Amino acid sequence: NAGVTQTPKFRILKIGQSMTLQCTQDMNHNYMYWYRQDPGMGLKLIYYSVGAGITDKGEVPNGYNVSRSTTEDFPLRLELAAPSQTSVYFCASSYTQPNTGELFFGEGSRLTVL
Amino acid sequence: KNEVEQSPQNLTAQEGEFITINCSYSVGISALHWLQQHPGGGIVSLFMLSSGKKKHGRLIATINIQEKHSSLHITASHPRDSAVYICAALYGGSQGNLIFGKGTKLSVKP
């Protein structure tokens, strides 16, 4: 089982460039999330989705955009990359709300903005 | 402000030791997750608790709602248990906004 697949695993961007982090899950999960993990800090929620066509902001959405056109895919778009977006990004999914179900994480994408 | 505090930040143990990692949180959570982050960076879910105690192999997770505290225990620790252990609390009413602790880095020496 593939589970949650994120690409790319590593990427270096220059300031002002844009890119999309891809996330795909094959478990037919309704709920999908994007988190960022900074050194010494807990994961922070960027955006989440409760189903195809429905997305909402999390705690730290500025500088990012998402879309959810299918149940499987939840890409994260970085526009005009800034050094503050240097981080490790994790995509996650769950079948139900996090208070009733297990979370499944991707392997992470390490992004450096120079 | 809803917060999650973990202790200790770092923990070194000898193989075979009993290990306890603590997590405290503010009022009103509806669930608490324990996660394991491997040295390579991947994160896996260990437990989801809303009350009581859960056990899986050598891992035991407990939660005390009144004391706003959860613990993760590892019995007969092994070097392969070396990882960062993260607790995350789901505060009531939010669908996706888990609040994560900073993690406890565990190193088990042979």
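The values are calculated or read from the model by the stated rules, or taken from the named source; none is laboratory data. Because the structure is predicted, anything quoted here is derived from the model rather than measured. So basically every Cβ, Gly included, is an ideal-geometry build from the backbone, and we count neighbours across all protein chains shown. To get the accessible areas, we keep the full protein, side chains included, count just its heavy atoms, and leave off ligands, DNA and RNA. Shrake-Rupley method; radii C 1.70, N 1.55, O 1.52, S 1.80 Å.
What's the magnitude of the charge dipole for the range A:10-64 around its Cα centre, counting Lys and Arg as +1 and Asp and Glu as -1 at the beta-carbon? Answer in Debye, nearest 20.
Numbers: 5 positive and 4 negative charges, 47 e Å.
Dipole of the range A:10-64, to the nearest 20 debye: 220 debye.
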**Report entry** Label-point separation, A:THR5 to A:ASP26 (7 Å along Cα→Cβ), nm
**Finding:** 0.6
Query raised in the report: For B:LYS55 and B:GLU17, what does the FRET efficiency come to when R0 = 25 Å and r is the distance between their Cβ atoms, rounded to the nearest 0.05?
Result: 0.85
Query - Residue-normalised accessible area of chain B, expressed per residue, 1.4 Å probe, Å² - result: 48
Requested in this report: State log₁₀ I(q)/I(0) for the protein assembly as shown at q = 0.09, 0.12, 0.15, 0.18 Å⁻¹ as given by the Debye formula over alpha-carbon point scatterers of equal weight, solvent excluded.
Outcome: -0.36, -0.64, -0.98, -1.32
**Report entry** Residues in the range B:41-58 occluded by at least 10 Å² - accessible area, probe radius 1.4 Å, against chain by itself
**Finding:** B:GLY41, B:GLY42, B:ILE43, B:SER45, B:MET48
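Between B:SER82 and A:LYS14, what's the calculated FRET efficiency when r is the beta-carbon distance and R0 is 45 Å? Round to 0.05. Display every interim value, and only then the final one.
Working: r = 36 Å, r/R0 = 0.80.
The calculated FRET efficiency here is 0.80.
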Report summary line: Interface call, the range A:7-45: threshold 50 Å², probe 1.4 Å, accessible heavy-atom surface of protein chains, chain by itself vs complex, result A:LEU43
Requested in this report: With a 1.4 Å probe and every protein chain kept in, tell me what percent of the accessible surface of the range A:36-114 is carbon plus sulfur.
Outcome: 51
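Given a cut-off of under 8 Å on Cα pairs at least six residues apart, what relative contact order in percent is computed for chain A?
Working: 300 pairs, mean separation 40.6, N = 114.
Relative contact order for chain A comes out at 36 percent.
So how strong a dipole does chain B carry about its Cα centre when Lys and Arg Cβ are +1 and Asp and Glu Cβ are -1, to the nearest 20 debye?
On the way: 10 positive and 6 negative charges, 28 e Å.
For chain B, the charge dipole is close to 140 debye.
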Query raised in the report: Among A:TRP34, B:HIS38, B:SER107, whose Cα sits farthest toward the positive end of the charge dipole of the protein assembly as shown (+1 at Cβ of Lys/Arg, -1 at Cβ of Asp/Glu, about the Cα centre)?
Result: B:SER107
**Report entry** Principal axes of the range B:31-71: Cα extent on each, largest first, Å
**Finding:** 36, 20, 12
Query - Cα convex hull of the range B:27-110 - mean projected area over all directions, nm² - result: 5.8
Requested in this report: Between B:ASN64 and A:SER84, take the C-beta separation as r, use R0 = 45 Å, and let me know the FRET efficiency to the nearest 0.05.
Outcome: 0.75
Report summary line: Rounded to whole angstrom, the alpha-carbon centroid of the range B:45-95 lies from that of the range A:11-25 at a distance of 33
